[in-house]
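The values are calculated or read from the model by the stated rules, or taken from the named source; none is laboratory data. Computed from a predicted structure; not experimentally measured. Glycine gets a Cβ as well: all are built from the backbone with ideal geometry, and neighbour counts include every protein chain shown.
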Amino acid sequence: MSRPILGAAALAATLLAPVGRARADLHVRWPVVDYREVEYEQNGLISFGRAGSGFDRAQSYSNAIGVGILPSWEMELEGESEAAPGEGLRMDAVTMENTFQLTDPGEYQFNLGFYAEYSRSVRRGRPGSVTLGPIVQKELPDFLGTDSIHTLNLFLTHDAGPGGTHATGLVYAWQSLLYLNAFASPAIEIYGNIPDIAHAGHFDEQEALAGPVLVGAVRMGRWGTLKYQAGYLVGLTSGSPRGAVRWQLEYELAF
Amino acid sequence: MHPTPLAHIRPWTSAALLTGAALLIGAAPASAARPRYALSLGPAGFAPTELHVPAGERVVLRVTNTGPAPVEFESSDLNRERVIPAGGAIAVYVGPLHPGTYAFFDDFHPRLRGTLIADRAAR
């Protein structure tokens, strides 16, 4: 297969997202469960690219309600919506997300967690998907003169239900956060998506983004905690948008 | 295009292998024996309200909830938060810390506050 055709196929595979992760899901998950807390979380992503590329001003959003059911298990129910360039926003999928905390923060060399989600498409004829894999985090107390937290998500994805492909995808995400203060700390994030690891192709054909993000929280005592993240990611490959703005708002309330 | 070696492994086997590898790498104890410090939290607040620990070392805080209702030990400075059921106890792993003060509080009753002081002469 020639390189241009291969590139177009990889781009189409990415756009069609055969392993079905919502693009608003571009955020790094931590291996920590907020036990006895209920949370509302919104993620948004607007991507930019060449006109007609499928990326230019594409939008995706997710809104989720989550509960820390056990000290080691948090579950979220999420609604995902997307808008292709020039089109209106429409509901895309409903997803059940589970985060399992396997170690207490600081107990071992690495903080470990496990993530598992089932996403069901609400669009006729489109398959659902299953996504799961480990979350690994390292706290480095004296990195570049300050405390830092480095987190890796390494998730496998697979279609579930009629109409799905047999492809297994790999979704990876990395965040290195320099902890300056609770209100605003800078981070660098990297995201990648290989829709079919059996035919991963060249890196340039895969989706990969990286960029700076600001992370912070405002604690309001018994009125809960507002957490926020916002950043601009730059496409690293020709199979990626040129850039993307992403944000996350999260409100947590203990019960 | 040839399939990658991973193509011959079932996807959920791959996930199990990835997680197993992470557990093997990550489950090594951060430190064999860490100094332990006791802290209690009840309706009247933390006791002691000032806790001295050695700077530059990993330490364990054993926090006991002596009250009749759940509490949440929380510290933005230490990047830790854990709910403690009534009558229960938790271990909070912190450090190594720079010399200085680190505030902590009960997130369910934010007026109940304390300070962890990391200093060179605490041992």
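How many residues are over 11 Å from A:D196 (Cα atoms) and not aromatic (F, W, Y) if we restrict to segment A:160-178?
Keep residues of segment A:160-178 that are over 11 Å from A:D196 (Cα atoms), which gives A:160-164, A:172-178.
This time we only want the ones that are not aromatic (F, W, Y), so: A:160-164, A:173, A:175-178.
Total meeting the criteria: 10.
Would you confirm whether any residue within segment A:26-38 is at pLDDT 55 or above, touching an Asp or Glu at 6+ places or on another chain (Cβ under 6 Å), surrounded by fewer than 23 Cβ atoms within 10 Å (Cβ to Cβ) and not in a loop (DSSP other than H, G, I, E, B)?
Yes.
Give the residue, chosen from A:L233, A:L170, that is surrounded by 22 or more Cβ atoms within 10 Å (Cβ to Cβ) and closer than 25 Å to A:F114 by Cα.
Exactly one residue qualifies, and that residue is A:L170.
Would you mind telling me which numbered condition in (1) of a type in the set (D, E, K, R); (2) closer than 20 Å to A:E250 by Cβ; (3) surrounded by fewer than 19 Cβ atoms within 10 Å (Cβ to Cβ) A:D204 fails?
The number of the failed condition is (2).
Go through segment B:79-123 and give me each residue that's on the phi > 0 side of the Ramachandran plot and either part of a strand (DSSP E or B) or loosely packed, with under 15 Cβ neighbours inside 10 Å (or both).
B:G87, B:G100
Taking segment A:48-67 only, how many residues are free of Cβ contacts under 8 Å to residues at least 60 places away in the same chain and under 19 Å from the mean Cα position of the chain (by Cα)?
The qualifying residues number 10.
Would you be able to say whether some residue in segment B:49-56 is more than 10 Å from chain A (Cβ to nearest Cβ), among the polar types (S, T, N, Q) and loosely packed, with under 13 Cβ neighbours inside 10 Å?
yes
Quick one: in segment A:126-156, which of the residues that are crowded, with 20+ Cβ neighbours inside 10 Å and in contact with an Asp or Glu (Cβ under 6 Å, 6 or more places away or on another chain) is farthest from the other protein chains (Cβ to nearest Cβ)?
Taking the candidates together, the pick is A:S129.
If I ask for residues that are surrounded by fewer than 18 Cβ atoms within 10 Å (Cβ to Cβ), more than 14 Å from chain B (Cβ to nearest Cβ) and either touching a Gly at 6+ places or on another chain (Cβ under 8 Å) or not in a strand (DSSP E or B) (or both), which ones from segment A:76-122 would you list?
A:L77, A:A84, A:P85, A:G86, A:E87, A:G88, A:L89, A:M91, A:V94, A:R120, A:V122
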